[in-house]
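Read-outs: derived from the displayed coordinates by stated rules, not from any lab. Quick caveat: nothing in here was measured; it's all calculated off a predicted structure. A quick note on method: Cβ atoms are made from the backbone with ideal geometry, for glycine too, and the neighbour counts reach across all protein chains shown.
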Amino acid sequence: MNAQAPQSAPPSPYSSAVGKSNTESHTLSVLVDNEPGVLARVVGMFSGRGFNIESLTVAEVAHETHLSRITIATSGTPEVIEQVRHQLERLVPIHSVTDMTLLDRAIERELAMVKVRGKGENRVEALRLADAFKARVIDATIESFIFEITGAPRKIDDFVDLMRPIGLVEVSRTGIAAISRGPAPI
């Protein structure tokens, strides 16, 4: 008698055990009607399907036509990202979904405020690093600084990491804003 192991179902692309090595970060730009409940529907789509939102920004971009842009940073396998995009496109108040990560000419920026405590050498080092990263001092006390830094998310990550051993107290980030380069809209 030949006993065969039971056939297992193919893994789901949503499984956390699948595709850890090919997980990618993507920034999606979603043009929507500026009306009550739209953001809740978008966020609900993510949570209902187990997708994570790493960054979220929303602002009206065309007052006369009542359009807003939602910029969402998320990560997953290429299959999961494609599924997220398709699910978003099916929501009624959405006009367009663009994966900014796939555009060769997209620019992403973020603003952060970083509070650092320090005296003596740590204070001098914090100011030196802030200068190197082109961060502005927006508040100062005898024992602390608040820096404002704008740039690519990775630049902000690097700045925050360097401030940790100096005396990082708190970080507040706006989330990613993205736009395509050149004269054409997305």
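Helix 121-132 axis versus longest C-alpha principal axis of the chain: approximately 60°, rounded to the nearest ten. Rounded, prolate or oblate: which fits region 113-186 when a ≥ b ≥ c are the square roots of the eigenvalues of the alpha-carbon gyration tensor, with rounded for a/c under 1.5 and prolate only if a/b beats b/c? Note, shape of region 113-186 comes out prolate. For the chain, the Cβ-based charge dipole about the Cα centre amounts to some 260 debye (Lys, Arg positive; Asp, Glu negative; other atoms uncharged). Here the relative contact order of the chain, from alpha carbon pairs under 8 Å that lie six or more residues apart, stands at 23 percent. Hull volume per residue, based on the alpha-carbon atoms of region 20-102 and their convex hull, is 82 Å³. Computed over region 20-102, relative contact order equals 47 percent, with contacts defined as Cα pairs under 8 Å that lie 6+ residues apart.
The long axis of helix 38-48 is offset from the longest Cα principal axis of the chain by roughly 70 degrees. Checking the a/c ratio against 1.5 first, then a/b against b/c, what shape does the Cα gyration tensor give for the chain? Oblate, because a/c is 1.5 or more while a/b does not exceed b/c. The lysine pair count for the chain, using Cα distances under 24 Å and pairs eight or more places apart or on different chains, is 4. Take every pair of alpha-carbon atoms less than 8 Å apart whose residues are at least six positions apart; their mean separation over the length of region 58-140 yields a relative contact order of 10 percent.
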